[in-house]
Every structure is written in C-alpha cells, then in structure tokens.
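Participant: Just passing along the structure, written as structure tokens.
Just so you know, all these numbers are worked out from the coordinates, no wet-lab data involved. Given the structure is predicted, the values throughout are model-derived calculations rather than measurements. Every residue, glycine among them, receives a Cβ derived from its backbone with ideal geometry; neighbour counts consider all protein chains shown.
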Amino acid sequence: MADQTIDALRGEPILLRILKGIALLRESGVGMIGAALVLFWVVVALFAPLLAPFDPLATLQLLAFPGDPYVLDPGKTFDGQAVEEVCALIETGEKQGKYDCGTFWLGTDRVGRDVLSRLIYGTQRVLLYAPLATFCAYAVGIPMGLAAGYLRGWADEVLSFVSNVILSFPVLVLYVIIIATIGASGTNIVIAVTFASAPGIMRIVRGLVLDLRNREYVFAAQTRGESAWRIMFVEILPNARGPLIVDSCLRLGYVIITIGVLGFLGLGLPPPDPDWGGMINENRLMALVAPHMTVFPCIAISSLVLGFNLLADGLREISLRD
Amino acid sequence: MTGNGVDYDGPILECRGLCISYFTRAGEIPAVIDFDLTLERGGSVGLVGESGCGKSTVAMAIMRYLGKNGGIVGGEVLYKGRNMADFSEEELRQLRGNEISMVYQEPMASLNPSLTLGKQLMEVPLYHEQVAVKEAYDRAVRMLADVKLPDPERVMAAYPHQISGGQQQRVVIAMALLSNPTLLLLDEPTTALDVTVEAGIIELIGEIAERFNTSMIYISHNLGLILETCDRVNVMYSGQVVEEGSVKEVFDEMRHPYTKGLFSAIPLPGADKTARPLVPIRGQLPLPHERPSGCYFGPRCDFFNDGRCDQGQIEMEAVAGEEGHRVRCLRWQEIDWAAYRPQGLSGEEMTPGQPVLKIENMKKYYEITDNSLAAIIKGERIKYVKANEDISFDARECETVAIVGESGCGKSTFAKVLMGLETATDGEVLYRNQDLAQEPVQARTPEQIGDVQMVFQNPFDTLNPSHTVGSQLARVIRKFGAESEPAKIKQRVMELLDLVKLPRDFAKRRPRQLSGGQKQRVGIARAFAGNPAMVVADEPVSALDVSVQAAVTGLLMDIQRSYRTTLLFISHDLSLVRYLSDRVVVMYLGHIVEQGRTDEVFSPPYHPYTEALLSAVPIADTSIQRKRIILEGALPSVLDPPSGCPFHTRCHRKIGSICETKDPPVVDLGDGHRIACHIPRDELDKMEPVIVLSGEGQSEQAASSEESPAAD
Amino acid sequence: MLIFVMRRIGAMVLTMVVVSILLFLLLEYSPGNVATKVLGPYSSEEQRQIWLEEKGYNDPLPLRYLRWLGKAVQGDFGDSIKYKVPVSEVLWPRLGNTAILGAATMAVVIPLALVLGVLAGMREGSGTDRSISVLSIITTSVPEFASAPMLQAFFVFYLALLPGTSSMIGGFNPVELILPVMVLVLYDFGYVTRMTRASMAEVMTTHYIRTAVLKGLPYKMVIMKHALRNALIAPFTVVMLQINWLLSGVIVVEFFFAYKGFGFLILDASLNKDIFLIEACAMVAVFVAVATQALADIGYTYLNPRIRFS
C-alpha cells in the first residue's frame, strides 16, 4: 500500500536496508563461510583476464602436472624477439614453444591447455549463465505463483496443472530432452532452466501467497478497492521476499550443478570454451594418469555450490530469528 | 520420589525469591524477578498479568521445563519442602504428570494429533504406576466420565481433531487428573475457548478442586476468572509480583497503583461511558530489556516520585492487618485513593442522527462441494453454509451498534458483505439508500468505499510489514482522493498521527518497530484517513493487553465522536460491548436472536442465548453475583444447522418440540427490542436478571447508575 | 479416502495424457523429420515418402497421435533407430538394471538419512545437530559428476580397491555396484536428512511434545511414541519424491560408470535422436515420477489421521 512518492514518508533507503541485512549475516558462521566462497568466485570471474596465467584455449604443453614450469626449448631463436615478448605471445596463445614462461599451477589438460586458466575463465561462464537463468526462472515463476495463489479459481487450476505436468518429468530427463531438441548453447540453457524451474518457483510463491492473502493488510487493501495487480505486487510480494531470497540461493546452487551436468554430458556450452562440467568429462579418461585434470574442476564447482548452499542456510537461520 | 504427602503437612509449593532469565543473543533477559509464592494443600493461587509479565514462565520453572535458553538464576522452588534443584532427571520425570500436572492454553496443540486420545490418556497410569493395560483403560474411561464427557468409550477411540475444543480441554484436564496429582498448574486453560464453553470448563475446575483436594495454580490474564477459581492472587507486572493477597482483599482493597489501574481500565458492569468512564493506563508495557530502574510501573504511574520510585530494587511490603497481603510499592501508604480522581475517557452523550445503514433480510450462503462417498451416492454434493440468515437491523449516524456472538456466529461474514469483499446471497444492504448487497468492492465508487472503512482485529498483521507507516497512510489518502498534492498528503498523514496520539516521526517507521497498541492506533488512523461516515471495527482491541485496551477503545470513541461516525463494533466481549455501544445485535449461528438498546438487551427479558452468554462472562467484582447457566453440548456446525430455532440443541429454556420444528417468531418488545424465541411473552417477562449485586437483589442496571462496586 | 485415491489416479492419468501429447508434438509433429531420422540423412526423398505412406504418417495429426497412444498403451513404441530392435526389448532390461541400482541406493539412503535426521532434529542447535547439518550441506553441494571422478580416483586408482567401471561385462557383479551407489547416496542422503531434521525439529517444538514430557514419560518414549510418529510423515513424502530425483541422478552415474541402465539409455537416445526410444523412455520416466508422487500423496493422507478421519 506504500505510497513511495513522498520522500518524507519513506523509511531508510533501500540500499541501506540491504546493507543492514548483509551485516546481519555476521551472526551466522556458516553464512559467512558461504558468502566468502561465493565472493571469492565472483572476484575470480570479474578479474579473470588479470588472474589467468595463460590463454585458456591455447594448447601449450601436454601432460604437465601441477607445479610444472612452462619451459620453452632453449637455444632456439625467436624471430629476433626478446624472451619476455615471446612469453607474452605464448601466454596469449599466438605462439607455441617451450621456455620458462610460467608455471602450470594446476597442470595442463588432455590437450595441453592450462587447467588453472580454464578454471578461471570457466567461472565467468558459470557466474554469467547461472544467475541469468535463475533470474529468468523467477521472472516467470513469480507472476505465475502470484496469480495462482491470489486470484485462485481457474487461473490457479490451469497454472497448477501446467506446472504439475512439467514437474512430473525427472528434471534431468527434461533438460536432456529439451537441450537435445533445441541444441546446446548459452541461450538455450537459460531457456531450458527457466522452463524447468519456473513451475517449482511458482509452487513456492503460490504457497506463500496462500498464506499472505489472508492477512488483514490484504483485506484492508481489498476493502480500499485496490487492483489485484497492486495487491499482488505491492502488498503481498514484498512480504514473501525472505523465503524467496533463501530459495534463490539454493536454486542458484542447483542451477550451477545443472549447467555442470549438461556440460558433463556434452550438452553444455559448445567446446572449446572452458566449461567446468565439460572439463570433467573431457579429461575423465585421463584420470588414471593425471587426476588433476578432473579433480580441480570438481573442487571448483563443489565449492561454489557449497558457497550458495551455506549462504542459503545462513540466511534462513537469520530470517528465522526475527 | 518425594514423600507421598502423608507425613508432610507444610506448604505444597514454595517459591522463594525466584529469578528466571532467558539467555538470548542480546544477552540475559530477566523474565521473572524475585518471585515468592506459598501454596498450601488444597489452596489455589491465581497468577494474573498481561502478556510478557512472566506468569507462564513461573509455571514452566515449577515444572523445570524452561527450554535450553531459559534458566533459574536465583532463588529456589520447594516442592513439599524439598528444593527442586536437587531432584534428579528421573525424580523429576516421576514428579511430572504424577504429582504435578498441567493444563495448557491450546488444547488442540497440546494433544498429539496422530495418537488416539485413549492412548494418550492411558500413558499416565501406565508409566507412573505400571498398572495393567486393562486397568489403565478403565481408569481413563472413568476419568473421562468424571470430566463430564459424553460417551467416554467413543472419546477414547477418537483422535484429537475429531472432538470440539471444549471437549479437548476436558480431555487434557482428565489427563492431568489421572494420577490424582497434588498440584495442578492451569495455564490460561480457557483463553482459546468461546465464552459459553469457558463457563463449563471453569465450573469443572471448581468441582475438581473440591473433590480431589488438589492444590492449584491458575494462570490468567482475566481478573474475572481468577475471582471465580482462586482464593489467593499474585498480580504480576513485567516480571515482578506487584501485589499479592487473598482475592477478596486484592479485588476490594487493592494497594498497588497498577492493580488499581487495571481494575479501572476494565469495563466492569458498573462502568458507563458517560457517567463512569474507563480510566486507561497511559503508555506501554516495557520490553524486558528496556525496563526502567526502580519501579517498573513508574513511567505509567500517576504517583511516580522522581528520585525515589526510580532508585534501586523495590521490595514487597506487608499490608498491616491483612494476613499475607503484600504490595511492591514505596508509596502505598501515602496514596490517598479517596482523593484520587483520574482523568477518565471523555464522556459526552451523543445523540444519534438519521439512519445511515439499513440491512433488510440479508442472507449470505456459501456453497461448498462435499466430496464424501455418501454425498456423491445421495447426489447431495452441493451444500450451503448459511453464514448469515435473515439479517435485519439498522444503524444511525454517530451511533455505536455492537454485533455480539461467539466464533462461527457469522459476524465476520456480515462485515465482509458490508465491505464488499463478498456479495450477499439475498436481501438488501442499504447504505444511504443505495443497495450495496450485490456490489462487490470493485463496483463501488471511491466515495462509497471511502465512506465505509474497517478497523481490523490483529495488530500484528493489520499493517503491511514491508512499508512504512507514513507511506501506508499516504496511500489511503491518495486512494480516496482526500488529497493529491504530495505536500498536502504529508500534512494529512501528520494530522492523522496526531489524531491517534502518535508521535509524528512514526511516519518513517516500519510496523515491526511499533507495539501492538501503536499498530492498532495506526490501523484506526488508516480507517479514518478518508473521512468515513461509517467504520466497522472487528474486535479492534481483543488482541491487545488489558492495560492498553482501554486507551485504544477510548481513542476510537473519541474519534467517532468528533467525526460523528457510525461505528459497527463486532465483538465477543460483552463487558466492553455493554460499556461502549448504544445498541446491541446478538447473533447465533448466522441468525440474529436478539437486538435492541444496550440496557434493554442486558436486562430481562432476555433471549435464552443472551441470558446464557451474560451469565458466562466472568466479572472481576466480588460484590456481583451471577446466575450460573452452563450450556450443554457444543456449538453445532454451520454446515448442518439445527432445524427450527438454531439454539434449541443447547437451550436451557427449551419449551418443547416446537423449538425443533418451527422457526421462532420475532417478538417485538417495543422500542426496537426484538427477540426471536418461542417462549411466550408473559414467560419472557418473568425472567430474573442474570447479574445482581450481592445482597441487594437489584438489577445490575440500577447498580450501575448508583454506585460502582469496582471503585475503592 | 477412496474418492481421494480415485481422484489422485485420475489426475495421474490426465497428466500422463498431456505429457504424451506434448512429447508427440515435440518429436513427431513433422513427419518429414521422423522419416529423416529413421531412414538416415542419406535416404532419398522417395524412400522417405514410401516409408511415410507405409507407416501411416500422411494421416492427420490427431489420428496419428491416437494410433501411437493405442500402441504405446500396449507397450509397443516402435523400433529403436539405433538398436534396430523393438524399443521394449531394449527398455525393460535397462529399466531392471536401474531398478537394482535405485533400490540399492534407497536401501542405504533411507535408514542413513532417517537416523541422522532424527538425531539432528531431536536436539536442535546441539553439536550433533550442527555437525550433521553441515555434513549434509557439504555432501549435497558435491554434484554426482564431481564426486564420481573424485571417488573413482581414490578407490580405483589410489587404493585399487574397486573396479572403475560398472559395465557388468562379466555378468552381474555386486562389487561394480558399490561406486555408483556410493555416488548416488552421497548426493541424495543430505537432502533427505535435512528434510527429516526439519520435520523432527518442528515436532520437537510442538506443544504436544511438551505435554508428553510434562506428563512424565521417559524421554525415549517421548521420542519413540510421540515424536517419530509425527516427524516421519513428511520424510515419507520426501523419500517417495526422491525416486523422481534418482531418475535424474542415474543419468550421470550410469554415463560415468558405463552402467547399462535406463539413465544411460535415455541419454543415448536423446543424443542419437532415437525418437521412438526417447518417447518410450520419457513416458516411462514420467510414469514413475507421477506414480511415486501419487503414492506419496496417498501415503501422506493415510499416515495423517487429521486428514484420514475428516
């Protein structure tokens, strides 16, 4: 019912309230660990070009183990260029050869690409598509849930049935069928995730709305003759935000897994782009000889998902307190 | 195990200087401070106080069940002379449910939903006395009969949800009595029940105390119930006992300003809105971590002495000449109660104007689909819930019309139809001669909507927690077109806050930063934002603490007076209704059974239901005697209402089969006083008043105009 | 109750019908595509036309759907493009293998998760509770495709204890089942544990547990007789729905360990665009999911006397 047009009646600015909310997280140990993990990967994604030692796509050296140096054959000339310049070229993949140009901290993969660099650039992919897909799923699921829960009647019947049908597919079966049909690409992953997750979000929102719609402030708005649109989005939705924020963290973690699974099954982002799930799949046959090729991507994806799960747990803990 | 009580003749229970705290993230929060209590065998002590005063915490401390964040930080509890801190876990277990047992506030929640009642009852003898299953069963059945449950065998096999709330509470009481306990703790045992059901439970508790010679601690926020059940009373305020003594002494000659304030703030039959108005206690209950130093009641007390009342801990002092009457006040001897004339709520008589609302034969039926096999076979799948049947009454300008009834009587449905959230099935709802019965709120004009507004019941969800108080008020002002320029809207918001006596900076606050009473004030401001001609108040104060109720009620009446608003006051609280309303409509199962001017409805002749209702309301006044009418049976389901007179299944004055077959005629006793009953007129006229001042045999009405028994 | 069961089954059938329509539209809307996939990209236009005519693909869509549905109900989904045999010949043995895998997983997950969940929920906030909660968060954060290579590296390459694949070439070998089951259990038990914990913790705060304690029942009886009966209603539903999740999980695990099960089959079919096999697999998967969901609902109602006797 807020009339936010009048500054004098507004409470604290939204940004301040969000910051205060984040400050609350301090009281939850697991929440802080989760936030730290997520933040770590966000920083990695943002500064990928600065952090990655090599070009993620360049084939540099076969079967380098973690800590091995990248060595160029000494004694060869390099078109009259200084060693530093050549190293720089090698780093960008324009040149290939052996010289002491750096270290493969996590080794190289099956085709000789630097695992660390691929991991770092892979972060960008994950942290672009997962939040985007989750956001799209919410953008579709929230209005559906509001309509089903508040309007009830046939809107509820239809929306609930549709979501039941979609949810009756085992999730991965659904993804596999969708992606196999429409093809593998970033956009298609977003579409598939939206399609498969929106019904679940709808159910959650609907459940929350069914509770909130019986609050007296909703009756007050109704007796005031407010439109259904306003009641749904201004009166009800803001009060459902707590559980939805927790859910979105969990869901984000799950979407990251999904994208990983698709990559792992060869239905993810097309190669040779670095993709965590794809990295595991590509290198898994080498696991006997060089486990580092798969283990590090495994740790990366697990830690990021763990971050979101712990964050969700911390947020839930805090939201239950007051 | 403790002694079996045969060779022990001291007090059953003693609390000495008991201090209990809860440990939260914010630190230690004292819940109970310096609590003393002595309970003799067969005695009964009432703990009375408002929410958060620590009365339930005391009970849980006696049970040694404070949860993981609560603990006793000082003092001791002695059970039959033995310090309970010395009891081992196993000894405690044997004590609980066997020697000390408890009856809880919410009977439904207190019973395990997935075990039959029989199993739950039988556990008590099975685990405490290791009797055979057969004997446990027989004892449970006998005890169910003792608590007057019809058909105990059936109850034994039932699950909790299959019996009514009143019956559930009887089962809980039976469970508590099964081991013949020495001490019975009752924690608000009737708060969740309707008043006519409550009366039956209270009667039962009285009988138990006599028959089993059980000592009782009765916890309640309702002074009237304490009067009926206890010999002694401890009045608690914010974690402390402020006054204790025998019920008679404390109720007739209270010494503490809080106790005094409490009695002046509740609408006793003597109170009257013009002649003897209620006196609200100003301010709010302090939060546990914001208690003032010195006397906790200080900031709200008219006798507060700067520099004296706010220093150190205040000790209990004995009142000379009155055995066991003690009071926690430094100034109790100095206060001259005779000269104390507190500012009551303003009480001008108002003359009602023209009728604004006229309800004619309004009906509201809900259609429900019965999916049981039987219904499908019979082809009776569609059933009607007759929430409102033939509602007819009217309300005039500036008049307060109360709609009274227990849960399920259809009073809230009526409000929904009036507000346009539902449309009527039949009949007319004439507001200023426009029929609104079929107009949902979307079809009404902004003027019509703004003209009829509502104050809601629950302060905790009447305001949207996501928006500031100011923006919520501003929205209403804009919506009803009262103002449109931002500056003027802001001005109007401030005026509204002034109107409900809240500081202007509350505009920027969010609801969770407000107390219950403050939220309810904002709720009132919101209802009056569009200058309504009529306000429907649905139990506006029932969820508030007693000491805050009077102030909010007074505020509502003040605003009504200055706006000449018609007030439809929906309530189950007959005392409050008697106090503030001009006319009363009594509803039962969707029907109006009686209506008329307040004084007429509250004096004979009554409709039998009104009579029972009046007799059921506990009154905190030792000089008043009530006729006891305990209604039999439970409230029938609205799905399957009785034929004929809706009240005939429980009526104590049923005259014969005519009540079951024919709808009762509406008898007009003149001046708009109408009763729907088969009892002949001359029989009705012979009715005795339900409430009389003891010894005088006068009707309470006469009493109210002469002398208030509550005063001094 | 009977009405409820019938309605639930009705809803289940309706869902199946809608799913079948969607699948049919998605995969067989254009006959040309079907022919190309069946006969291969190098088939001539003429061959395709003949094939289409022969199989009745020139009939209107609704008729084709009904015919397809009629056969599907009898278990005839057509021939697999890749395996060149009737779909059912491939499908049922594979489904059987997955059932073994799933049953083995559930046999571990259910007792493990229920015991841990009850232990954690019994004393909310205790050390036991926190350790179990954090453990279950950690294990649910490690997806199957990550835990599989790590466990493989450890048990197969480092300890050389277990076989690295589960293709069962030398006949059914329970040892080959250990790693896949371990991976599935690791990912699944955390969720069930957390749900059980939440349910148990909620029950422990109810007033009827307080009543039971203050009635003087021994703590063990409070838990066994009063708490568990209510606390295990919700996990029952969760466990039933977990079967649906398992169907997703087996895709990854079977793919990774080359286990010849249903999950591998559906992936294989999708990647090869083996239309009839996809249809059959999807219908079976949806049937399993819908049926477990219906069972979960019916069981929930049955376990809950509040609903059963109202």
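Participant: Could you give the dipole magnitude of the protein assembly as shown about its Cα centre, charging the beta-carbon of Lys and Arg +1 and that of Asp and Glu -1, in debye to the nearest 20?
Facilitator: For the protein assembly as shown, the charge dipole is close to 2560 debye.
Participant: What distance in nm separates the two pseudo spin-label positions at B:Ala85 and C:Leu2, each 7 Å out from Cα along the beta-carbon direction?
Facilitator: With each label placed 7 Å out from Cα toward Cβ, I get 6.5 nm.
Participant: Hey, rough spin-label estimate for B:Asp138 and B:Thr445, points 7 angstrom out along Cα→Cβ, what's it come to in nanometres?
Facilitator: Reported label-point gap for B:Asp138 and B:Thr445 is 7.8 nm.
Participant: Here's a follow-up. Averaging sequence separations of C-alpha pairs under 8 Å and six or more residues apart, then dividing by the length of region C:84-221, give the relative contact order as a whole percent.
Facilitator: Relative CO of region C:84-221 lands at 37 percent.
Participant: Give the share of C-alpha pairs in each 10 angstrom bin for chain B, from 0 to the last occupied bin, in whole percents, shortest bins first.
Facilitator: For chain B, the pair-distance distribution reads 3, 13, 22, 25, 21, 12, 3, 0, 0.
Participant: So, one more: Tell me, B:Thr351, C:Thr165, C:Thr196 in order of fewest to most beta-carbon neighbours within 10 Å?
Facilitator: Result, fewest neighbours first: B:Thr351, C:Thr165, C:Thr196.
Participant: I would also like to ask the following. Of the options B:Asn112, B:Met254, B:His325, report the single residue whose Cα projects farthest towards the positive end of the charge dipole of chain B (beta-carbon charges: Lys, Arg +1; Asp, Glu -1).
Facilitator: Among B:Asn112, B:Met254, B:His325, the one farthest towards the positive end of the dipole of chain B is B:Asn112.
Participant: Given H placed on each backbone N at 1.01 Å, which residues far from C:Ala258 in sequence or on other chains put an amide H within less than 5 Å of it?
Facilitator: Correct list: C:Ser166.
Participant: Sticking with this structure for a sec: Give the relative contact order (percent, whole number) for chain B; include only Cα pairs under 8 Å separated by 6+ residues.
Facilitator: Relative contact order comes out at 12 percent.
Participant: While we're looking at this one, here's another question. Output the 0 to 90 degree angle, nearest 10, between the alpha-carbon long axis of helix C:87-122 and the longest principal axis computed from the alpha carbons of chain C.
Facilitator: The helix C:87-122 is inclined about 20 degrees to chain C.
Participant: Fewest first, what order do B:Glu243, B:Glu360 take by the number of other Cβ atoms within 10 Å?
Facilitator: B:Glu360, B:Glu243
Participant: With contacts defined as alpha carbon pairs under 8 Å and 6 or more residues apart, what's the relative contact order of region B:8-73 in percent?
Facilitator: The normalised contact order for region B:8-73 reaches 37 percent.
Participant: Next question, about the same structure. Going Cα to Cα from C:Lys260, which lysines come in below 16 Å? Please leave out same-chain ones fewer than 8 positions away.
Facilitator: C:Lys82
Participant: Among the aspartates and glutamates, which fall within straight-line cross-link reach of B:Lys488, defined as a Cα-Cα distance under 14 Å, with same-chain neighbours fewer than 8 residues apart omitted?
Facilitator: A:Asp3, A:Asp7
Participant: Still on this model: At a Förster distance of 56 Å, what's the computed FRET efficiency of A:Phe161 paired with B:Ala339, Cβ-Cβ distance as r, to 0.05?
Facilitator: With a Förster radius of 56 Å, E is 0.15.
Participant: Return the aspartates and glutamates within reach of C:Lys55: Cα separation strictly under 20 angstrom, same-chain partners fewer than 8 residues apart disregarded; answer none if there are no such residues.
Facilitator: Once the sequence-local aspartates and glutamates are set aside, what remains near C:Lys55 is C:Glu28, C:Glu45, C:Glu46, C:Asp76, C:Asp79, C:Asp274, C:Glu279.
Participant: Now a separate question. Figure the gain on full extension for C:Leu135 and C:Trp92 (residue separation times 0.36 nm, minus the Cα-Cα span) and round it to one decimal in nm.
Facilitator: Extending this stretch completely gives an extra 11.8 nm.
Participant: GNM on chain A, C-alpha springs below 10 Å: top fluctuator among A:Ile14, A:Ile301, A:Ile142?
Facilitator: Residue with maximal mean-square fluctuation among A:Ile14, A:Ile301, A:Ile142: A:Ile14.
Participant: May I pose another question? If a/c stays under 1.5 just call it rounded; otherwise compare a/b with b/c (prolate if a/b is bigger, oblate if not). Do that for region B:272-335, with a ≥ b ≥ c from the square roots of the Cα gyration tensor eigenvalues.
Facilitator: oblate
Participant: Only helices at least 27 Å long along their axis, Cα-based, and averaging 0.5 or more on Kyte-Doolittle count here, so list those DSSP H runs from chain A.
Facilitator: For chain A, where a helix must reach 27 Å along its axis and average at least 0.5, the hits are A:115-146, A:186-212, A:241-264, A:292-321.
Participant: Now a separate question. What distance in nm separates the two pseudo spin-label positions at B:Val666 and C:Ile21, each 7 Å out from Cα along the beta-carbon direction?
Facilitator: Result: 5.3 nm between the two label points.
Participant: Follow-up. Filter B:Lys273/B:Lys654; B:Lys273/B:Lys627; B:Lys68/B:Lys501; B:Lys416/B:Lys654; B:Lys68/B:Lys508 down to the pairs with a C-alpha to C-alpha distance above 29 Å, please.
Facilitator: Listed pairs above 29 Å: B:Lys273/B:Lys654; B:Lys68/B:Lys501; B:Lys416/B:Lys654; B:Lys68/B:Lys508.
Participant: May I ask for the angle, rounded to the nearest 10°, between helix C:174-204 and the longest principal axis of chain C, with both axes built from Cα atoms and the value confined to 0 to 90°?
Facilitator: Helix C:174-204 and the main axis of chain C meet at about 50 degrees.
Participant: Please figure out what share of the DSSP beta bridges in the protein assembly as shown is antiparallel and state it in percent, rounded to the nearest 5.
Facilitator: Antiparallel bridges: around 65 percent, rounded to the nearest 5.
Participant: Can you tell me the alpha carbon radius of gyration of the protein assembly as shown divided by the globular rule-of-thumb value 2.2 N^0.38 Å?
Facilitator: Normalised Rg, Cα atoms only: 1.09.
Participant: Tell me, B:Met316, C:Met283 in order of fewest to most beta-carbon neighbours within 10 Å?
Facilitator: B:Met316, C:Met283
Participant: So what's the Cα pair-distance distribution over region B:306-350, bin width 10 Å, in %?
Facilitator: 20, 34, 29, 12, 6
Participant: Here's something else I'd like to know. Measure nothing fancy, just the Cα-based angle from helix C:275-303's long axis to the longest principal axis of chain C, in degrees from 0 to 90, nearest 10.
Facilitator: 30 degrees
Participant: Please compute the Kirkwood hydrodynamic radius of region C:1-126 from all pairs of different C-alpha atoms, in Å with one decimal.
Facilitator: 18.8 Å
Participant: Which trypsin sites (Lys or Arg not before Pro) does region B:595-680 hold that lie in a coil by DSSP with at most 15 other beta carbons within 10 Å?
Facilitator: Those satisfying the criteria are B:Lys627, B:Arg628, B:Lys662.
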